[in-house]
Structure formats: structure tokens, C-alpha cells
């Protein structure tokens, strides 16, 4: 009879221990991330994004990548629908909610969609200069790009000491004294083209994230960088990405960041196709860095590996295999 209280207490303790064990197993069990769907034609940012198609319950795709990122949690996958219409927005991935694990990375699947930071130029904003050359002063002037039908136009380099723009052929442009100069074709005017220039600052910013995969995107028309790993972005993989027509660089790899760049193409960017900064680490595989408008790689620090071998000093061209 004297042992009954102890026996009862032991039973309670065993139940508590079992509950604690089940709780530990629950919180340490692998979590399978959700898929969040984005459709910039049929989507709606009031929806939840858990279904690819619209539903009466409003569980269909959201309209913007930014909204999907606000809904996403660690290990999730965001799936963009490619409607041949650019996603005109600038987004940031920050901290643990936009991170994953080695086995379950936080993922953005672009499916070949375009993320575009350019803005149409009002035809009335162009002023005649001389001959077939017209000029326009954009809102952002430190770095710029000009687009014709959403594709980078042919740029002619200018000297900072120049007082006048260089000779421009039809459909060529240059930047001088914070002004864009553009040469039209014979018997045409700027309003005969769909012209746009870089407006939003950075396409995709990654800050203090871990285990991120971004695949299948074209990132263009941003005033600074297409993709910028600002600081502490670790174990990032960028695959099948084209960065073109961005004002400063296609990709910028910042301090204490590590990235795998695979099957990417960087060209037609303003001052560098790839920009690396101190304490960064970039590994390039089967990747094309064009030196058509700027050096393929501008080396300001960090470590770069090409097909597994460390390289130094900057690359003018890195051909794809």
C-alpha cells in the first residue's frame, strides 16, 4: 500500500517523458516545403497560391513574386508560370524564412520567365539633338540601359571627358552627362519604337540566407544588378539564369557569400557581367560571361573557381562547354 503513490507518480513521469519524446521527434522530423504558384496573367495577390489554377476558394496562384515571398516559409518552392509577359518587380530574399536545408533548399523555379526592372519612356520626353539623334534624361542616372522591345539596345562607349556624344548608327545609344542619346532609323522618330530604360534598382537581392536554389530565369533591366548576394548569403545555387542589360552587373557576389553558378549566361551589362567582392566565394560551371559591353569578370576580391579550379585576376571571357 505504501508503494502506490510512488507507482502512480512513476506512471505520470513515464507519460510526461513519452510526450516529450514525441514532441522532440515532431519538431526534428523533416518538413516538406509547400509549393506556391505565381501567374502574372491569371493570378491574384488575394489568393493563397497553393493551387496552379483559380478556384472558388481563392486558393489559386498569386500574381506577383513579391507576394509569393511574403507567403513563403523555410524550405518552400515558388513556381512561376511563364506567360511570355515579364514580371515587372524587384524582390528580396532575407533570413531564415527564405532559407532551406541541403536536402530541402528554398527554391524559385522560373520556368524561363523574365524578371524585368525597366520602365517605358514617354515618347514626349525625347528631345531632338542633331540629325537622327534624340536625347532623354532618365530618373536614375548613375547606371543605365536602354531597351528596344524589351531587349538591350546596342550601346556605344563614351569617355567621361567627352563633351559631345560619339557618332551613333541607327538603333545605337550612349550615356553622357546623365543623358541617354539614341539614334533612330531613317524617317523614324522615338515614338515609332517601344523604348524603355532601367528603373528599379536590383532584380533579386539575397541577404543572410542559406541553402537557396534559383533556376530558370532571365533577369534584366535593373539599374544596379540583376542578382545581388549582398552579405552572408551561403550555399546559394543559381542555375539556368540569364542576366542581361543591367546597369552595373549581371551578378554581384558580396562579402561572406558563397554561390554555385551553373549553366548561366551573363552579357550586355553595364560595368561587369560578374562582380565579386572581398570574402566571397563563387564556383562557375558551364557558364558564359560575355565581354561585349563590359569585362566578363571584375575582380574586387573573393575567390572564384572555374570548373573546380581557382582562378585569379579577372576574366575577359569564360566560354561555355
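The values are calculated or read from the model by the stated rules, or taken from the named source; none is laboratory data. These numbers were taken from a predicted model, which means no experiment stands behind them. Glycine also receives a Cβ, built like all others from the backbone with ideal geometry; neighbour counts cover every protein chain displayed.
Residues checked against (1) out of contact with any helix residue (DSSP H, G or I) (no Cβ under 9 Å at 6 or more places or on another chain); (2) over 26 Å from residue 142 (Cβ atoms):
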site	(1), (2)
199	yes, no
206	no, no
209	no, yes
222	yes, no
228	yes, no
| Which ones in region 161-196 are over 16 Å from residue 133 (Cβ atoms) and touching a strand residue (DSSP E or B) at 6+ places or on another chain (Cβ under 9 Å)? | 194, 196
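Condition check ((1) under 30 Å from residue 269 (Cα atoms); (2) in contact with a strand residue (DSSP E or B) (Cβ under 7 Å, 6 or more places away or on another chain); (3) modelled with pLDDT under 95; (4) in a strand (DSSP E or B)) across all residues:
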{"position": "16", "(1), (2), (3), (4)": "no, no, yes, no"}
{"position": "32", "(1), (2), (3), (4)": "no, no, yes, no"}
{"position": "42", "(1), (2), (3), (4)": "no, no, no, no"}
{"position": "45", "(1), (2), (3), (4)": "no, yes, no, no"}
{"position": "56", "(1), (2), (3), (4)": "no, no, yes, no"}
{"position": "104", "(1), (2), (3), (4)": "no, no, no, no"}
{"position": "107", "(1), (2), (3), (4)": "yes, yes, no, yes"}
{"position": "112", "(1), (2), (3), (4)": "yes, yes, no, yes"}
| Out of 170, 166, sole residue that is surrounded by 11 or more Cβ atoms within 10 Å (Cβ to Cβ), modelled with pLDDT of 95 or more and not in a strand (DSSP E or B) | 170
| field | Which listed residue, of 92, 70, is in a helix (DSSP H, G or I) and surrounded by fewer than 18 Cβ atoms within 10 Å (Cβ to Cβ) | value | 70
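Per-residue answers, yes or no, for (1) surrounded by fewer than 23 Cβ atoms within 10 Å (Cβ to Cβ); (2) over 18 Å from the mean Cα position of the chain (by Cα):
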| residue | (1), (2) |
| --- | --- |
| 219 | no, no |
| 237 | yes, no |
| 245 | no, no |
| 249 | no, no |
| 271 | yes, no |
| 289 | no, no |
| 299 | yes, yes |
| 305 | yes, yes |
| request: Answer with yes or no whether residue 84 is assigned by TED's automatic domain parsing to the domain that holds residue 110 and either out of contact with any strand residue (DSSP E or B) (no Cβ under 8 Å at 6 or more places or on another chain) or modelled with pLDDT under 95 (or both). | output: yes
